[in-house]
């Protein structure tokens, strides 16, 4: 093989690699105008008015697996309960919403199958304009095809946030179907099950090793695993059901340090969807999660 031919073949290989990286595989697309992602097993739609709000999520051709709810006491309007919002753990006058009603900002695609969002929430009860950055990464095939990577950064600056924080709240609909929360105990040696309807106003579960939990439908065997990436923040499992949106709302609770959260707080989670052919709840997670 001549040197010239070798160089031509190398250039063709690089061009093919670049095309793959920037366009994704067949059938994968991010549409910033419509705020949609079609990638691998997922079809996801975000709100046109709230850049953080996922209004529709379909996995493997399923119907919409989430739901939203508009709180009646925000003059700006908008939904307060949706897939991807962020609250503290209070349900009373101390309530603080970092992502939810009143959220505005920008939504953009990130090659090849990613989304980048900048937002802040203000003008509604409990909002304070704290800057938030959220990114998503979807996968086109292989063992990770059923997984969504979520990374969120909340920038508190020098003003302390003196509450435990639910940095990212995924929601499955309907709540009566996805009724159980399965998780390892604090030692990681046994599987425990919480009944969501027993935690209408939220339950903090400390007998948890901070690694993962699954929102599970005991009838169909379907559900979603939330795997929490190790961080410097101590955590608890927050089991919850919400009546407005009729969704499960269980999430990771970041426990505030002495003096409250300051600076930038980061949370990374892997959302892994499954059915009975992929995984039956056990201490061993399915491949790709």
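Values in this text are rule-based calculations from the coordinates and carry no lab data. Here the structure is a predicted model, which means the values were calculated and not measured. Don't worry about glycine lacking a Cβ; one is built from the backbone with ideal geometry, like all the others, and counts go over all protein chains shown.
Round to a whole angstrom and tell me the spacing of the C-alpha centers of region 71-116 and region 211-281. Computed from Cα coordinates, the inter-centre distance equals 17 Å. Remark: relative contact order (region 30-274) = 18 percent; criterion is Cα-Cα distance under 8 angstrom and separation of 6 or more residues. Each peptide in 269-278, 36-45 gets a packing score, the mean of other Cβ atoms within 10 Å over its residues, and the list from highest to lowest is 36-45, 269-278. Here the label points at residue 133 and residue 36, each 7 Å from Cα along the C-beta direction, are separated by 2.9 nm in the simple model. A Förster radius of 30 Å combined with the Cβ-Cβ distance from residue 95 to residue 231 puts the calculated FRET efficiency at roughly 0.80.
Peptides 252-265, 184-197, 162-175, ordered by how many other C-beta atoms sit within 10 Å of their residues on average, highest first, read 162-175, 252-265, 184-197. Full extension of the segment from residue 110 to residue 29, taken as 0.36 nm per residue of separation minus the current Cα-Cα distance, would add 28.1 nm.
The length gained on full extension between residue 64 and residue 125, counted as 0.36 nm times the residue separation minus their Cα-Cα distance, comes to 19.1 nm. Within region 203-236, list the residues whose amide N lies under 17 Å from a label point set 7 Å along Cα→Cβ of residue 283. What the label zone holds, given the 17 Å backbone N cut-off, is 207-214. Look at the Cα gyration tensor of region 30-274: its axes a ≥ b ≥ c give a/c under 1.5, and that counts as rounded.
Starting from the Cα of residue 153, step 7 Å toward the Cβ, then list every residue of region 256-289 with an amide N under 14 Å from that point. Flagged as within label range: 263-268.
Full extension of the chain between residue 266 and residue 219 gives 13.4 nm of extra length, using 0.36 nm per residue less the Cα-Cα distance.
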